[in-house]
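Colleague: Submitted below is the structure of interest, expressed as structure tokens.
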Amino acid sequence: MKLLAGCCGILCLFLGGANVPTTQSVPDLKDKPWTLVEGGVTRGDTSKKQIALIFTGGDFGEGTGTILDALKERNIKGSFFVTGDFLRKPELNAQVKRAIAEGHYVGPHSDKHPLYVPWEDRTKTLVTEHEFRKDLEKNIDDLRNLGALKGNGPVYFIPPYEWYNQDQVNWARPMGVLLFNFTPGSGSNRDWAPEGHKSFLASQKIIDDILAYEQKGPHGLNGFLLLLHLGSQRQDKPFSLIGPMLDELKKRGYSFVRIDQMLPL
């Protein structure tokens, strides 16, 4: 038994386990009223009229202040997920500190924003477990140093490019990390696409589509993990319209919760 324990310790160090957060492994989610894709959670409880606002940032974050202002004005808590590259920009690092101070969930989006899985074949994996762990642990450590992710609860993590497979879910669980992704259907994730890109839509159209989906979706936006980006190369900025969208959704009876409240463990 001692030999086995020693071997496991060496293996953990080899895999980058020296910096693994002091959390318990994420349990099996089969009894949760959530939607899973490739083992990752993509929607919360559809019986509850709740929305979790998910904001991701990598290379761009010019909308962070505007978004934080809109949330503060409405006393809404959101969930922000940023990369290490985002944190290494002083002006964006300051906005992350503000988000933490104002009570939002601030979590990892990877350190270097690697692509885990080929776009054309989700059965393949482009990174090793060691590479995955080392990159994610760096991101988590940097966030902890800013005051985020306090306590021993699970760490919520949305993968880079919002693209993953079962491998990353399996690797994340022993680290105390719950991998999740945005809820598809509303088209909100298109807000990154710049003018001239095939996925580009005007900001007002993106907001209108979210509100239209709320009326036609089988469960509305109940349990929705609504993804929006903190910035992009676009000239037409969707984040400038977030306030009116939140006001309209509130009129329709929705409340807004942090990701750890939407997906409690």
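Colleague: Are any of the pairs 72/251; 97/138; 112/134; 124/198; 72/216 more than 20 Å apart by Cα-Cα distance, and if so, which?
Modeller: Working: 72/251 18 Å; 97/138 17 Å; 112/134 11 Å; 124/198 26 Å; 72/216 30 Å.
Over 20 Å Cα-Cα: 124/198; 72/216.
Colleague: Please rank 149, 53, fewest neighbouring Cβ atoms within 10 Å first, as an exposure proxy.
Modeller: Details: 149 22, 53 27.
Final ranking by Cβ density, sparse to dense: 149, 53.
Colleague: Something else now. Quick check: net charge around residue 124, other residues with Cβ under 14 Å of its Cβ, Lys/Arg +1 and Asp/Glu -1?
Modeller: Values: positive: 122; negative: 38, 120, 121, 167.
Here the charged neighbours net out to -3.
Colleague: Evaluate Rg over Rh across region 35-262, taking Cα atoms for both radii and Kirkwood's formula for Rh. Kindly include the intermediate steps, with their values, before the conclusion.
Modeller: Working: Rg = 16.5 Å, Rh = 17.7 Å.
Over the Cα atoms of region 35-262, Rg/Rh equals 0.93.
Colleague: For every helix of n ≥ 4 consecutive DSSP H residues, a contribution of -39,500 (n - 2.57) applies; sum these over the chain, divide by its total residues, and give [θ] at 222 nm rounded to the nearest 500 deg cm²/dmol. Don't jump to the answer; show the numbers that get you there.
Modeller: Values: 9 runs with 92 residues, N = 265.
Using -39500 (n - 2.57) per qualifying helix, the result is -10500 deg cm²/dmol.
Colleague: To continue, here is another question. Using only the alpha-carbon atoms, how far is helix 203-216 inclined from the longest principal axis of the chain? Give it as 0 to 90 degrees, nearest 10.
Modeller: Taking the Cα atoms of the chain, the angle to 203-216 is about 80 degrees.
Colleague: Also, I was wondering about something else. For 144, 43, which order do you get if you count the other beta carbons within 10 Å of each Cβ and list the fewest first?
Modeller: On the way: 144 15, 43 25.
Listed from fewest to most nearby Cβ atoms, that is 144, 43.
Colleague: Taking the beta-carbon count within 10 Å as an exposure proxy, list 162, 102 from fewest neighbours to most. Don't skip to the answer; put the middle values down first.
Modeller: Details: 162 17, 102 13.
Going from least to most buried by this count: 102, 162.
Colleague: Still on this structure, please answer the following. Where does region 100-220 land on Rg/Rh, using Cα atoms and the Kirkwood Rh?
Modeller: 1.02
Colleague: Report, for the chain, the % of DSSP beta bridges that are antiparallel, rounded to 5.
Modeller: Working: 3 of 24 bridges.
Of all bridge pairs located within the chain, approximately 10 percent are antiparallel.
Colleague: With equal scatterers on the alpha carbons only and no solvent term, can you work out the Debye log10 of I(q)/I(0) for region 65-169 at 0.11, 0.18, 0.24 1/Å?
Modeller: Computed log10 I(q)/I(0) values: -0.37, -0.88, -1.27.
Values in this text are rule-based calculations from the coordinates and carry no lab data. Quantities reported herein were computed from a predicted structural model and do not represent experimental measurements. Positions of Cβ are backbone-derived with ideal geometry, glycine not excepted, and every protein chain shown enters the neighbour counts.
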